[in-house]
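Visitor: Handing you a structure now.
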Amino acid sequence: MASIRELEWRSPLSPSTHLDEPGDRFIPTRSLMNLDIARCSLMTRRNGSGKCRADSISESPAKAEYKRRVEENLTLDSEGRPFKMLVFRGSPKTSVRMVDKMLREDQNRNGVVKEFRSLPKGSERVLYAPNLLKDFYLNLIDWGPNNILATALGSTVYLYDADKNEVQILTEVDHEDDYPTSIAWSCDGLTLAIGFNNSMIEIWDPKTSRLVRSIEAHRSRVGSLSWKHQILTSGSHDTSIINHDVRAFRAAYVLKGHSGEVCGLKWSESKGLLASGGNDNLVHVWEENMVSSKWLHRFDEHRAAVKALSWCPFECNTLASGGGTADRCIKIWNAQTGQCNISIDSEAQVCGLEWNRHRKEILSGHGYGRNNLCLRKYPSMSKIGELTGHLDRILNLSQSPDGSKVVSLGADETLRIWKVFEPPCRASCGMEEERLGRLSFETMHIR
């Protein structure tokens, strides 16, 4: 005699005559199942006619009749057919395509690939910057290819070796009315250019702490510098831009296009284009080796001074610019067509912009209104997150040579290093691909 447990949990018979629809017998469609009815079916057995009857040991006739009537009303679908414990629809190939389609829809919902993006809760390192000149129009930091951060504080230029965590003084100005106003490393990291308030430019060899040469070309302070191989470009309060060939003792050529102080300069690495921003709210794009003062493009949509400029590393013709307090906008330009592709209100003064070399992201440093850093996804420009820590407005940004970190110089007299641009984790990406591979029948191989 069968035990009570066997009688209670015996699965109902499922003759092939009851499977009216073809399909994959191993993949149930749970959305079409009634789990309460399925449990009821597990507790009963079907007789020869296919109807359910109760397995009773000592059950009263009234209780048996009640169960029979409940089953007749609850276990039949709208067409009079018995419900199945596991419901199957479609052919095996259709089921495979459906599962893969669901995976892709979940992965690319709303056109955005879901990816976990962690941001640092705070700065990795804080360096104090006493005697800082809190002037928006100056460019006082630059992180060189040799992983040395050059900083101008008051009348002194400091070199911070990020590998050794050591600081040394490169030069110090003795005159009261003179001080460094801009700083820039050469592309090879062997030479450092320093612009001064008295209109002079000095070229230094940091390895030997030796002054290589001095350049006198402007009539007022030099607030911006940028290198392109052996060409050093300087922008001044006298509104002029001068390209200097450091191998010769004369200015290569002068560019005139701004009517206010030139406070932003940036050479593109691949296209040989120079971007300049000024206190006249203008952005100019110049071609390399241009011998005339005619610019390639002139952008006049900003409503405040433009110091923040950055060329996109993965789209060679894309330039990002940021405006001052009265503008607060971040604009993305196509330097080939001269069109503004994107413009957003950052709700704060834009003091610096840095592209992420590993992901399609852009980081902005802000002054009045926010005093923080904001990371955005490109090209949607949706906000990923904010980095806070500065107690006063941010003045400058600069990126580490490996593209993983950004340093911000704040008017609170601190330098903060943020590990914000780390490359995507290969391990986590591999785990995600493995997970999707296990779920996707298109990539699964049984034999």
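The values are calculated or read from the model by the stated rules, or taken from the named source; none is laboratory data. The structure displayed is predicted, hence computed values, not measured ones. Quick reminder, even Gly has a Cβ in these numbers, built from the backbone with ideal geometry, and neighbours come from all protein chains shown. Note: accessible area is taken over every heavy atom of the protein model, side chains too, but ligands, DNA and RNA are not part of it. Shrake-Rupley method; radii C 1.70, N 1.55, O 1.52, S 1.80 Å.
Visitor: Pull up segment 316-346, narrow it to residues that are among the hydroxyl-bearing types (Ser, Thr, Tyr) and assigned to a loop (DSSP other than H, G, I, E, B), then point me to the one that is farthest from SER382 (Cα to Cα).
Guide: This residue is THR337.
Visitor: State yes or no: is ALA304 modelled with pLDDT of 95 or more, among the aliphatic types (A, V, I, L, M) and farther than 30 Å from HIS358 by Cβ? Before you say what the answer is, go through the steps one by one.
Guide: Numbers: modelled with pLDDT of 95 or more: yes; among the aliphatic types (A, V, I, L, M): yes; farther than 30 Å from HIS358 by Cβ: yes.
Yes, satisfied.
Visitor: Taking PRO313 and the conditions (1) assigned to a strand (DSSP E or B); (2) open to solvent by 40 Å² or more (accessible area, probe 1.4 Å); (3) within 30 Å of GLU422 (Cβ to Cβ), which numbered condition does it fall short on, given that it satisfies the others?
Guide: (1)
Visitor: From the set of residues in segment 180-234 that are within 31 Å of the chain's Cα centre (by Cα) and on the phi > 0 side of the Ramachandran plot, which is surrounded by the fewest Cβ atoms within 10 Å (Cβ to Cβ)?
Guide: HIS229
Visitor: Residues that are open to solvent by 20 Å² or more (accessible area, probe 1.4 Å), basic (Lys, Arg) and modelled with pLDDT of 95 or more, at least 3 per element: which strands (runs of 3 or more DSSP E) completely within segment 392-447 meet that? Explain how you work it out, then say what you get.
Guide: Numbers: elements: 394-399, 406-410, 414-418.
Per the criteria, no element qualifies.
Visitor: Moving on. Among the listed residues PRO130, PRO145, identify the single one that is at pLDDT 95 or above, touching a Leu at 6+ places or on another chain (Cβ under 7 Å) and at negative phi.
Guide: Numbers: PRO145 fails: touching a Leu at 6+ places or on another chain (Cβ under 7 Å).
The unique qualifying residue is PRO130.
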